[in-house]
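S.K.: The structure's right below; bear with me while I get my questions together.
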Amino acid sequence: MREDQDKQMIKESLDDLYQNNPFSNEIKQRWLKEIEKEKRQRRTINLIPSLLSIGVAVVFFIGFGWFLMQQMGVKGDNASDHPSTEEGAGTNPPPTPEEEEKKELQEKVLELKRQEEVDMEEFLTYFHEKVNKDYISYPLDQHDGYYYQSKEEVLEGVLSVLGKAYTTDSKLKSDLNHLKGLIEEFLYVSRKFPPELDRSDPAKVYYYTVGLINDLYSVIVAGETSELNGYSEMGNGDQVDVIEAVANRSMMYPDPEGPLVNGQTAEGGYPPMEAFQIEKTEFTDLGTYVLDTYESYQDGSEYKKNTDRDSAVSTLIRATIAYINYFKSDIEEKGMTREFFEWQAYAYEFNRGEVSGEVDASKQAELKKRFEEKMGEIVTEFR
């Protein structure tokens, strides 16, 4: 039952995401059809109660509309007698930075699409900055979805402009086709489809997408070819097979051997604490997260019953690193920065030990013990 509900929520999330999308209605329809092919459950609609509800709603709105018209007539009369003297009356609130950025993106996309032949340097310069803004590429398989979801609208814009990016250069044409495939796959899997559908990791797909855009920017705009990721045929193209495999939705693609996308690496190849990020959470607040983690961690919990015990413990400990980052402001407001930092540090060192090739069993056991003790201390503050 829970699985069916999750699938329905994903279906609805796609509807919501693309309902007012200015770029890709055709892609929306194609993806929605693909979901139906993958046998997503539809909720059964009882027509009789629905029709009755519609009838009641119609009667209500007719009555309510008549009431509003009456009120508007009264207010109109009053307004003519008493004109407003307040400054700024009826003005809209100033747009937020997010709204301004979204508007700027849409205007730039429309400007590029109006060009008879898309200026590749202008196109790559603009989107090279957008895809890299606030994005840090850490080693693959140590990637907690760092900022990738916030890039959906940016890549929608790239995809829209690609439809008018014509070229006679066979290598550039191949690169643009690969870029189109990568973005389509990213936008599909970034909606968090269930694991059983066996699709690519969106963080990885975004990683490769940025790598290809950066290569194209280096070759076409910057004229710099000394350090490339190898994902572009316009460049050296020694790792194009990786891009082809990902763009074609293959789960069997090799890991790159070249440099990371933007050269930002962590000490020892392991990402720092701030790299563990989430953008959305099912928990309403910090207290809910702490209590749920504590309860799930206990032997005999519902969470452990449905998961291998060792795997459950590792997952909960690893998740703690990201959730403490997510609730940072709430933790500061509660005055528990030191306590949570210690808890996070134990989780971080434990996880680092697990992913390293040399695991010290006694050290891991000690870190796990300290993690549990600190969790016990913290949870008492939320009961």
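Taken together, the values in this text are just the output of simple stated rules run on the coordinates, not laboratory data. Predicted model, so just to flag it, every value in this text is computed and none were measured. Cβ: placed from backbone, ideal geometry, glycine included. Neighbour counts: every protein chain shown.
S.K.: How much length is gained on full extension from Asp238 to Asp299, taking 0.36 nm per residue of separation minus their Cα-Cα distance?
M.R.: Working: separation 61, 0.36 × 61 = 21.96 nm, distance 5.01 nm.
Length gained between Asp238 and Asp299: 16.9 nm.
S.K.: Roughly speaking, what is the stretch gain from Glu129 to Ser170, that is 0.36 nm per residue apart minus the C-alpha to C-alpha distance, in nm to one decimal? Mind showing how you got there, number by number?
M.R.: Details: separation 41, 0.36 × 41 = 14.76 nm, distance 2.55 nm.
Computed gain between Glu129 and Ser170 is 12.2 nm.
S.K.: Still on this model: Can you list the equivalent-ellipsoid semi-axes of the stretch 325-383, largest first and in whole Å, using the square root of 5 times each Cα gyration tensor eigenvalue? Provide the component values of the computation, followed by the final result.
M.R.: On the way: eigenvalues 125, 34, 9 Å².
Calculated on Cα positions only, the semi-axes equal 25, 13, 7 Å.
S.K.: Restricted to Cα positions, what overall size does the stretch 285-383 have along the principal axes? Three whole-Å values, descending.
M.R.: 38, 27, 20
S.K.: On to the next question. Would you calculate the separation in nanometres between label points at Ile278 and Asn92, each defined as 7 Å from the Cα along the Cα-to-beta-carbon direction?
M.R.: 3.5
S.K.: Note down the nm distance, to one decimal, between modelled labels 7 Å out along Cα→Cβ at Glu117 and at Glu366.
M.R.: Between Glu117 and Glu366, the simple spin-label model gives 6.8 nm.
S.K.: Using 0.36 nm per residue of separation minus the Cα-Cα distance, give me the extension gain between Leu162 and Ala245 in nm, one decimal. Show your work: numbers first, answer last.
M.R.: Details: separation 83, 0.36 × 83 = 29.88 nm, distance 1.99 nm.
Computed gain between Leu162 and Ala245 is 27.9 nm.
S.K.: In addition: Can you sort Arg338, Arg249 by how many other beta carbons sit within 10 Å, fewest first? Intermediate values should be presented prior to the final figure.
M.R.: Numbers: Arg338 9, Arg249 16.
Going from sparsest to densest Cβ surroundings: Arg338, Arg249.
S.K.: With r defined as the distance between the Cβ atoms of Asn177 and Gln106 and R0 fixed at 25 Å, what FRET efficiency is calculated, to the nearest 0.05?
M.R.: On the way: r = 25 Å, r/R0 = 0.99.
Calculated transfer efficiency: 0.50.
S.K.: Longer than 27 Å from Cα to Cα, which of Lys133/Lys328; Lys304/Lys374; Lys151/Lys305; Lys130/Lys173 are they? Say none if no pair is. Walk me through the numbers before you get to the answer.
M.R.: Working: Lys133/Lys328 22 Å; Lys304/Lys374 20 Å; Lys151/Lys305 36 Å; Lys130/Lys173 22 Å.
Those over the limit are Lys151/Lys305.
S.K.: Nearest 0.05, what FRET efficiency do Leu291 and Glu99 give at R0 = 45 Å with Cβ-Cβ as r? Can you show the working numbers first?
M.R.: Details: r = 36 Å, r/R0 = 0.79.
Computed FRET efficiency for Leu291 and Glu99 comes out at 0.80.
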